[in-house]
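Note sheet for the following structure.
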Amino acid sequence: MMELKQVAGLAPDRLANIEAHLDRRYIQPGRLPGALTLVARRGEIAYVNAQGLMDVERNKPVCRDTVFRIYSMTKPITSVAMMQLYEQGRFLLDDPVHKYIPAWKNQRIYKSGVYPNFLTAPATSTMTICDLLTHMSGLTYGFMNRTNVDAAYRELKLDGSRSMTLETLVDQLAELPLEFSPGTAWNYSVSTDVLGYLVQLLADQPFDEYLREHIFEPLAMSDTGFQVRDDQLDRFAACYQYHPDDQFTLQDDPQTSPFRHKSKFVSGGGGLVSTIDDYFHFAQALCQGGEFRGRRIIGRKTLEFMRRNHLPDNQDLPGLSVGAFSETPYAGSGFGLGFSVKTDVAKSQINGSVGEYGWGGLASTNFFIDPVEELVVIFMTQLIPSSTYPIRQELRAIVNGALV
């Protein structure tokens with residue numbers, strides 16, 4: 001199912017290279033179960049194509065309305081929610097986090113030892129809300145498998161046990177040391193889950209209800225949420241795990257998936273499911289300065305602020321990152337308030353524009369927005385981990401090659 005439309009500045013025959021590339025390189029050889037790709041320019045969808053299977057075991061093809069686990073593509077949505085509250089004067093970016101979470105007041109950094117017997121030292125700086133938005137908080141993820149601190153996260157299941165709540169996450173993080181003093185380095189982390197807690201606290205409204213009322217309903221994102229409803233089950237994709245022989249095995253069956261049930265832990269860092277059209281509504285709102293079809297979710301100046309590089313001295317990720325994992329290639333990319341931002345096209349070695357921003361998810365989903373070209377690209381599949389194949393970079397090369 002390929003839909004091609006003549007849109008100003010995009011060559012349809014060159015966009016068709018996406019289908020040929022994905023089919024030849026990934027779907028026919030059995031590297032990916034299936035994929036769904038959308039390209040839009042100046043608000044018009046130029047290309048949508050579904051390829052392969054959303055459920056290999058049941059032989060169900062990917063469709064335009066397939067429901068996907070978007071994992072960390074939840075993070076930009078949570079960050080926008082937080083900045084909506086910023087626009088209402090509920091907090092300032094340089095506010096210390098302990099102003100809202102008092103137990104975090106005297107934070108310490110890791111020196112040595114193994115949980116629960118850590119040797120720590122006082123942090124030399126105070127964590128701010130900006131540090132949470134930029135992943136410079138000193139927090140981490142258990143799946144990093146890098147330090148004794150992330151080992152403690154794994155032991156306590158802080159990456160997202162379904163029995164946990166936002167409150168217990170924040171309480172348990174208060175007991176653990178940071179990886180580094182806030183603001184001194186970059187490390188992908190549970191920071192955005194903490195932002196979900198702060199949205200709930202500042203808005204005095206459950207986090208999932210807040211997102212529904214202030215983002216999903218205004219943008220007509222009716223298929224986006226923290227669980228798969230009964231009426232969505234037939235459209236819910238299976239998720240697969242990569243194996244080193246370039247094949248994959250079933251990781252999460254849609255019929256028995258944890259996403260079928262409401263979790264106590266509403267993860268602002270990775271808990272949403274969505275469809276390509278729902279996410280397009282969100283991404284297009286960002287591309288158009290904060291509004292989509294007459295419904296504004298955030299102010300133009302706030303969005304301009306969010307998509308600046310907020311890393312100190314305009315550095316890029318290689319200069320500040322202590323961990324090896326990111327949902328974007330490091331070189332030539334900085335970080336804004338909720339997504340990566342391209343700062344140097346040549347250094348990135350991927351064509352595009354300075355200011356391009358976006359993010360991806362654990363199951364290899366991805367989106368990016370090029371404000372210079374007014375371009376939105378969304379890619380959906382379900383293969384863990386997202387670092388398996390360089391599809392994101394290849395898609396940029398193909399789509400930018402279609403600009404005329």
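Per-structure values
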item: Wholly enclosed helices (runs of 4 or more DSSP H) of the stretch 88-180 bearing at least 2 residues over 23 Å from Lys75 (Cα atoms) and either in contact with a Gly (Cβ under 7 Å, 6 or more places away or on another chain) or open to solvent by 20 Å² or more (accessible area, probe 1.4 Å) (or both); result: 148-156
item: Of all residues in the stretch 294-321 being in a loop (DSSP other than H, G, I, E, B) and in contact (Cβ under 8 Å) with a residue 60 or more places away in the chain, the one that is farthest from the chain's Cα centre (by Cα); result: Gly299
item: Residue check, Phe379 open to solvent by 50 Å² or more (accessible area, probe 1.4 Å), outside any loop (DSSP other than H, G, I, E, B) and under 27 Å from Arg212 (Cβ atoms); result: no
item: Residue list for the stretch 38-58, restricted to those being more than 21 Å from Ile369 (Cα to Cα), out of contact with any Gly (no Cβ under 7 Å at 6 or more places or on another chain) and of a type outside the set (Lys, Arg); result: Asp55, Val56, Glu57
item: Pair list, Cβ < 8 Å and 6+ apart or interchain, from the stretch 200-213 residues that are touching a residue at least 12 places away in the same chain (Cβ under 8 Å) to residues that are of a type in the set (S, T, N, Q); result: Pro206/Gln200; Phe207/Gln200; Tyr210/Gln200; Leu211/Thr78
item: Among (1) in contact with a strand residue (DSSP E or B) (Cβ under 9 Å, 6 or more places away or on another chain); (2) part of a helix (DSSP H, G or I); (3) of a type in the set (Asp, Glu) - the single one Asp231 does not satisfy; result: (1)
item: Failed condition for Gln205, given (1) touching a helix residue (DSSP H, G or I) at 6+ places or on another chain (Cβ under 8 Å); (2) in a loop (DSSP other than H, G, I, E, B); (3) surrounded by 20 or more Cβ atoms within 10 Å (Cβ to Cβ); result: (3)
item: Any hit, the stretch 276-289, residues being on the phi > 0 side of the Ramachandran plot, touching a Gly at 6+ places or on another chain (Cβ under 8 Å) and modelled with pLDDT of 95 or more; result: no
item: Residue that is nearest to the chain's Cα centre (by Cα), among those in the stretch 186-201 that are open to solvent by less than 10 Å² (accessible area, probe 1.4 Å) and among the aliphatic types (A, V, I, L, M); result: Val190
item: Residues of the stretch 336-381 satisfying the condition of being without any contact (Cβ under 8 Å) to a residue 60 or more places away in the chain and acidic (Asp, Glu); result: Asp344, Glu356, Asp370
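The values are calculated or read from the model by the stated rules, or taken from the named source; none is laboratory data. Being a predicted model, the structure only gives us computed values, none of them experimental. No Cβ is skipped: glycine too gets one built from the backbone with ideal geometry, and neighbour counts run over all protein chains shown. Areas reflect the complete protein model, heavy atoms only, side chains present, ligands, DNA and RNA absent. Shrake-Rupley method; radii C 1.70, N 1.55, O 1.52, S 1.80 Å.
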